[in-house]
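Below is one structure, written out as structure tokens; comments come after it.
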Amino acid sequence: MVERRFSRALKRGLDVVVSAFGLLLLSPVLVCVAVLVWAQIGRPILFRQQRPGYRSIPFFALKFRSMTDQCDGQGRLLPDGERITTLGALLRRSSVDELPQLWNVLRGDMSLVGPRPLLMQYLNRYTPEQARRHSVLPGITGWTQVNGRNDLPWEQKLALDVWYVDHWSLSLDLRILAVTAWKVLKGEGIAAEGSATMPEFMGTAAAPSHDRARVR
């Protein structure tokens with residue numbers, strides 16, 4: 001138990017150091033991207049959306065905007081694929097749109113590694129097993145992201161999140177961070193097949209298995 005607490009303290013320390021250093025080092029990139037978003041997509045520059053965090057407590061996750069607010073004749077937002085701009089697609093492919101979440105990590109809303117924060121409306125759609133993904137801080141990257149990201153069906157993604165909760169260690173986090181850097185360079189798994197992003201999670205009838213997926 002003491003060892004576990006020490007490891008969690010080290011994890012938080014790593015989060016603080018890396019996020020603070022990252023924000024400082026990448027500040028010129030953040031400023032340039034902010035100017036481009038303002039010029040090509042408009043204000044607000046940052047997309048703020050309430051997401052469930054640790055123990056499902058809501059927080060506002062930050063991202064650079066990648067979509068316009070275009071609506072159809074009835075005032076409904078157009079599909080994601082029609083609203084993503086060329087700049088937005090580039091930001092998503094490179095994962096640069098996620099960089100503002102370093103501020104969420106510094107604040108303690110998120111960790112560098114953990115299950116991705118999803119939508120608030122999904123909370124009542126999870127099985128009890130799937131809901132255990134909220135037993136840890138959400139992350140900028142995670143076990144799911146290095147095992148397929150949006151290429152995977154929802155049930156498999158959530159099973160991988162729960163696997164991470166049960167098998168977390170500092171060495172696993174470091175491995176995930178290393179593989180994430182490689183996958184970002186390759187641009188893998190940004191969107192699900194046939195979708196500009198990821199289809200909405202509508203719930204599942206049974207809890208997925210806990211089989212471990214291999215890093216590809």
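The values are calculated or read from the model by the stated rules, or taken from the named source; none is laboratory data. Note that the structure is predicted; figures quoted are calculated from it, not measured. For neighbour counting, all protein chains shown are included, and Cβ atoms are generated from backbone atoms with ideal geometry for every residue, glycine included. Areas reflect the complete protein model, heavy atoms only, side chains present, ligands, DNA and RNA absent. Shrake-Rupley method; radii C 1.70, N 1.55, O 1.52, S 1.80 Å.
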Original post:
What pairs come up if the first residue lies in the stretch 31-57 and is touching a residue at least 12 places away in the same chain (Cβ under 8 Å), the second is of a type in the set (Gly, Ala, Ser) and open to solvent by less than 40 Å² (accessible area, probe 1.4 Å), and their beta carbons are under 6 Å apart, counting only those six or more places apart or on different chains?
Top reply: Ile45/Ala34; Gln49/Ala61; Arg51/Ala61
**OP:** Scan the stretch 76-95 and give yes if some residue there is under 30 Å from Arg8 (Cβ atoms) and under 19 Å from the mean Cα position of the chain (by Cα), otherwise no.
**Re:** yes
Original post:
When you go through Met67, Met120 one by one, which is the residue that is in contact (Cβ under 8 Å) with a residue 60 or more places away in the chain and not hydroxyl-bearing (Ser, Thr, Tyr)?
Top reply: Met120
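Quick grid of which residues meet (1) open to solvent by 80 Å² or more (accessible area, probe 1.4 Å); (2) touching a strand residue (DSSP E or B) at 6+ places or on another chain (Cβ under 8 Å):
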| residue | (1), (2) |
| --- | --- |
| Leu14 | no, yes |
| Val17 | yes, no |
| Ser27 | no, no |
| Gly53 | no, yes |
| Leu77 | yes, yes |
| Asp80 | no, yes |
| Arg92 | no, yes |
| Val96 | no, yes |
Original post:
Among the residues of the stretch 144-154, which ones are crowded, with 17+ Cβ neighbours inside 10 Å, out of contact with any Leu (no Cβ under 6 Å at 6 or more places or on another chain) and part of a helix (DSSP H, G or I)?
Top reply: Gln145, Val146, Arg149, Asn150, Trp154
Original post:
Residues that are out of contact with any helix residue (DSSP H, G or I) (no Cβ under 6 Å at 6 or more places or on another chain) and closer than 26 Å to Gly114 by Cβ: which helices (runs of 4 or more DSSP H) entirely in the stretch 22-101 hold 3 or more of them?
Top reply: 27-40, 86-94
